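Notes to accompany the following structure.
The values are calculated or read from the model by the stated rules, or taken from the named source; none is laboratory data. Bear in mind that the values here come from a model prediction, so they are computed numbers and not experimental data. We place every Cβ from the backbone using ideal geometry, glycine too, and count neighbours over all the protein chains shown. Heads up: the accessible areas ignore ligands, DNA and RNA and are worked out on the full protein's heavy atoms, side chains in. Shrake-Rupley method; radii C 1.70, N 1.55, O 1.52, S 1.80 Å.
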Amino acid sequence: MHIHLFPRPSADTGIGLHWCAGRSQLPIQHARAFWIPELRALGAAWIKLNDHRGCLPLVEELLAAGIQPIVRLYRPAPNPSPLNADDLAAVDGLVRA
(Lines give C-alpha, C1' and ligand atoms only; values in the text may rest on other atoms or scores of the structure.)
Protein backbone atom coordinates (compact mmCIF):
# COMPACT_ATOMS: atom_id res chain seq x y z
CA MET A 1 0.00 0.00 0.00
CA HIS A 2 1.34 3.43 -0.85
CA ILE A 3 1.66 5.80 2.09
CA HIS A 4 -0.79 8.33 0.59
CA LEU A 5 -3.53 5.67 0.77
CA PHE A 6 -3.30 5.23 4.55
CA PRO A 7 -6.08 6.80 6.62
CA ARG A 8 -4.97 10.13 8.05
CA PRO A 9 -4.78 10.73 11.82
CA SER A 10 -7.77 12.53 13.32
CA ALA A 11 -5.72 15.66 14.12
CA ASP A 12 -3.50 15.48 11.04
CA THR A 13 -0.98 18.29 10.83
CA GLY A 14 0.49 16.98 7.59
CA ILE A 15 3.77 16.50 9.45
CA GLY A 16 5.29 13.05 9.59
CA LEU A 17 8.66 11.41 9.68
CA HIS A 18 10.29 8.27 8.37
CA TRP A 19 12.00 6.59 11.31
CA CYS A 20 14.34 3.63 11.04
CA ALA A 21 13.18 1.64 14.02
CA GLY A 22 12.99 -2.00 14.87
CA ARG A 23 15.88 -4.15 16.02
CA SER A 24 18.24 -1.18 15.75
CA GLN A 25 16.10 1.27 17.72
CA LEU A 26 17.13 3.07 20.86
CA PRO A 27 15.89 1.81 24.22
CA ILE A 28 12.21 2.63 24.72
CA GLN A 29 13.11 4.75 27.78
CA HIS A 30 15.07 7.09 25.49
CA ALA A 31 12.20 7.31 23.03
CA ARG A 32 9.79 8.01 25.89
CA ALA A 33 12.00 10.63 27.57
CA PHE A 34 13.33 12.43 24.49
CA TRP A 35 11.88 11.47 21.11
CA ILE A 36 8.16 11.35 21.90
CA PRO A 37 8.21 14.88 23.41
CA GLU A 38 10.29 16.11 20.45
CA LEU A 39 7.85 14.60 17.96
CA ARG A 40 4.91 16.18 19.77
CA ALA A 41 6.69 19.56 19.84
CA LEU A 42 7.26 19.27 16.08
CA GLY A 43 3.56 18.58 15.59
CA ALA A 44 4.19 15.16 14.06
CA ALA A 45 0.94 13.34 13.38
CA TRP A 46 2.43 10.14 11.96
CA ILE A 47 5.67 8.18 11.92
CA LYS A 48 6.64 5.57 9.33
CA LEU A 49 8.68 2.77 10.86
CA ASN A 50 10.85 0.89 8.37
CA ASP A 51 11.19 -2.36 10.33
CA HIS A 52 8.46 -4.24 12.19
CA ARG A 53 10.86 -6.40 14.20
CA GLY A 54 10.88 -5.31 17.81
CA CYS A 55 8.91 -2.10 17.24
CA LEU A 56 5.79 -2.95 19.29
CA PRO A 57 6.88 -0.98 22.41
CA LEU A 58 7.56 2.08 20.24
CA VAL A 59 4.22 1.66 18.44
CA GLU A 60 2.43 1.58 21.80
CA GLU A 61 4.25 4.74 22.95
CA LEU A 62 3.42 6.54 19.69
CA LEU A 63 -0.25 5.58 19.93
CA ALA A 64 -0.38 6.74 23.57
CA ALA A 65 1.06 10.08 22.44
CA GLY A 66 -1.56 10.44 19.70
CA ILE A 67 0.92 9.79 16.89
CA GLN A 68 -0.11 7.32 14.18
CA PRO A 69 2.51 4.67 13.40
CA ILE A 70 2.78 3.26 9.89
CA VAL A 71 4.79 0.05 10.06
CA ARG A 72 6.62 -1.53 7.13
CA LEU A 73 7.19 -5.26 7.32
CA TYR A 74 10.90 -5.81 6.87
CA ARG A 75 11.73 -8.52 4.36
CA PRO A 76 15.35 -9.50 3.62
CA ALA A 77 14.72 -9.93 -0.13
CA PRO A 78 12.21 -8.63 -2.66
CA ASN A 79 9.25 -10.86 -3.48
CA PRO A 80 9.94 -13.37 -0.69
CA SER A 81 7.79 -16.30 0.28
CA PRO A 82 4.67 -15.86 2.43
CA LEU A 83 5.04 -14.43 5.92
CA ASN A 84 6.46 -16.86 8.46
CA ALA A 85 5.00 -17.52 11.92
CA ASP A 86 7.17 -14.85 13.60
CA ASP A 87 6.11 -12.20 11.09
CA LEU A 88 2.42 -13.15 11.44
CA ALA A 89 2.71 -12.97 15.24
CA ALA A 90 4.31 -9.51 14.96
CA VAL A 91 1.53 -8.32 12.65
CA ASP A 92 -1.09 -9.67 15.05
CA GLY A 93 0.51 -7.77 17.96
CA LEU A 94 0.70 -4.55 15.95
CA VAL A 95 -2.94 -4.80 14.88
CA ARG A 96 -4.02 -5.42 18.48
CA ALA A 97 -2.08 -2.32 19.62
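What is the percent carbon and sulfur in the accessible area of the chain, measuring with a 1.4 Å probe over the protein chains and ignoring ligands?
59 percent
Write down the accessible area per residue of the range 1-78 in Å², having rolled a 1.4 Å probe over the full set of protein chains.
62 Å²
For the range 11-97, what does the relative contact order come out to in percent, with C-alpha contacts under 8 Å and a separation of six or more?
31 percent
If you build the Cα gyration tensor of the chain and take the root of 5 times each eigenvalue, what three semi-axes come out, in whole angstrom, biggest first?
23, 16, 12
So if I place +1 on the C-beta of Lys and Arg and -1 on the C-beta of Asp and Glu, and nothing else carries charge, what would the dipole magnitude of the chain be about its Cα centre? I want it in debye, nearest 20.
Dipole about the Cα centre, nearest 20: 120 debye.
Farthest toward the dipole's positive end in the chain, which of 9, 85, 97, given Cβ charges of +1 (Lys, Arg) and -1 (Asp, Glu) about the Cα centre?
The residue sitting farthest along the positive end of the dipole is 9.
Tell me the angle of helix 85-96 to the major Cα principal axis of the chain, expressed in degrees between 0 and 90 and rounded to the nearest ten.
Relative to the chain, helix 85-96 is tipped by roughly 30 degrees.
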